[in-house]
Amino acid sequence: MWILFAVGSAFFAGATSVLAKAGIQSVSSDFATAFRTGVVLIFSWLMVFVVGCQNAVSTITPRALVFLALSGAATGLSWLCYFKALSIGNLSKVVAVDKSSTFLTILLIFFREPFHWLTGLGIAVMIAGTALMLEKGDAKKGEKGWLFYAAGSAVFAALQSILGKVGVQDMDSTLATALRTVVVLIFAWAIVLGKKEGGDWKKMTRRDAVLLVLSGITTGASWLCYYRALQTGRASVVVPIDKCSMLFAVALSAIFLKEKQTRRSLLALALVVAGTFMIALA
């Protein structure tokens, strides 16, 4: 069963990107991010009570709270950049660039943890795949935003991982995720109100609202499946399977968003996935 949960985690994570991109039609990407984060918050706290770690809130140290706040801010910026990139760019390219956060995280902690040769090879393969994904003319598209925002998403996601690892080492990861999501929700709505986009709810169509709610639900479902798989299965297998979310995202985008893939982009995607697997198995 744990393998099914791992596959479920990857599928729901891939579905999240497709639903979110489809749902950012009538509102700004910032408002869409803040809206769906509310749904994610419900699921993150559901996980806390499922695991039974809610009573550990009273034991959190001030230092951990500071790092949770910083990690939440980084997560919020990553999500805002990611969904902005999705709103204007090709999903498969955005996902590939965003996944570069994996090797960015490793490079940032290079001097703190052992570095396996397979990790180095995986990073090289991922870099090659990401570079191959960017075709001629993407420079001009990048000036319009998607490449800039996708790169920003990767950088902030890497910072979020580092801040979370350094600051909440003695805290249950499920509780840390739930608390961080509270910060993300506050941060996302602060951005929306600061940019005076709070009135976007009036422009939101019923279709977009449903799709954004579903994207929040699939994010929560992915988390629940992932942690369930980790509880009963082998992490060395669960993590690589979870990384297959890129494949599900591209497949679903081809079916529902009608995004076409070239041989070049498929090869690039294969390299990114292969590199991710190498890093996960190192």
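The values are calculated or read from the model by the stated rules, or taken from the named source; none is laboratory data. Everything numeric in this text was worked out from a predicted model, so none of it was measured. Cβ: placed from backbone, ideal geometry, glycine included. Neighbour counts: every protein chain shown. Keep in mind that these areas ignore ligands, DNA and RNA; they rest on the heavy atoms of the full protein, side chains included. Shrake-Rupley method; radii C 1.70, N 1.55, O 1.52, S 1.80 Å.
Observations on the structure shown:
- Given (1) more than 26 Å from residue 68 (Cα to Cα); (2) more than 20 Å from the chain's Cα centre (by Cα); (3) surrounded by 16 or more Cβ atoms within 10 Å (Cβ to Cβ), number of the condition residue 211 does not satisfy: (2)
- Residue within the stretch 207-218 that is modelled with pLDDT under 90 and assigned to a helix (DSSP H, G or I) present: no
- Check on residue 180, open to solvent by 30 Å² or more (accessible area, probe 1.4 Å), of a type outside the set (Phe, Trp, Tyr) and over 21 Å from residue 97 (Cβ atoms): yes
- If you filter the stretch 119-143 down to residues that are loosely packed, with under 14 Cβ neighbours inside 10 Å and part of a helix (DSSP H, G or I), you find that the one that is modelled with the lowest pLDDT is 143.
- Taking the listed residues 64, 10, 32, the one that is of a type outside the set (S, T, N, Q), touching a residue at least 40 places away in the same chain (Cβ under 8 Å), crowded, with 22+ Cβ neighbours inside 10 Å and touching a Gly at 6+ places or on another chain (Cβ under 9 Å) is 32, with no other qualifying.
- Residue ID - least open to solvent (accessible area, probe 1.4 Å), chosen from residues in the stretch 13-29 that are more than 16 Å from residue 218 (Cα to Cα) and polar (S, T, N, Q): 29
- Unmet criterion (only one of (1) aliphatic (A, V, I, L, M); (2) within 30 Å of residue 273 (Cβ to Cβ); (3) open to solvent by less than 30 Å² (accessible area, probe 1.4 Å); (4) in contact with a Phe, Trp or Tyr (Cβ under 7 Å, 6 or more places away or on another chain)) for residue 88: (3)
- Looking across the stretch 187-208 at every residue that is free of Cβ contacts under 8 Å to residues at least 12 places away in the same chain and not charged (D, E, K, R), the one that is least open to solvent (accessible area, probe 1.4 Å) is identified as 199.
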